[in-house]
Amino acid sequence: MFRAKKATWQAKALAKSKLYRQFLAHQLLDQLPEYADVATKKAKKSWDNFDADDALRYVGLTTYKPASTGLGGIGAFLLGAAAGSIVALLMAPRPGTELRSTVKDKAMGYINKQGVNIGGEKTASA
């Protein structure tokens with residue numbers, strides 16, 4: 001019991017001594033440049049990998065990119081429209097004139113059923 005109290009008292013006295021505090025200060029100052037070098041290297045590595053676009057995307061924003069960089073959206077739209085029209089022509093159940101007259105007759109029947117008067121009903125001619 002007495003030994004434990006004596007060890008605690010000695011540790012407190014040692015921590016309060018001026019000589020021990022000076023020793024710790026010198027140790028810290030001697031090792032500080034090493035820690036600073038390590039921290040500088042880590043910070044430089046992080047800064048070299050920093051991209052402003054990543055930071056903007058993180059907060060939900062993007063940078064402005066002009067359309068002159070590429071016609072990606074318009075090109076994809078045109079390609080899709082061409083592919084869709086080719087597929088529509090190949091998969092059509094009836095020839096064009098017959099299909100247009102059927103669509104027009106059904107549209108006119110729907111409009112007349114709703115009670116909309118758009119003039120005299122004409123027969124479909126393609």
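Rounded to the nearest 0.05, the FRET efficiency derived from the C-beta distance between K42 and I74 at R0 = 41 Å is 0.35. On the basis of the beta-carbon distance and an R0 of 35 Å, R57 and E34 show a calculated FRET efficiency of 0.45.
Per the Debye calculation on the range 2-58 with a single equal scatterer at every Cα and no solvent contribution, log₁₀ I(q)/I(0) for q = 0.13, 0.20 Å⁻¹ amounts to -0.61, -0.82.
None of the figures in this text is laboratory data; all of them are computed from the coordinates on show. What you see is a predicted model; the values in this text were computed from it and never measured. Every residue, glycine among them, receives a Cβ derived from its backbone with ideal geometry; neighbour counts consider all protein chains shown.
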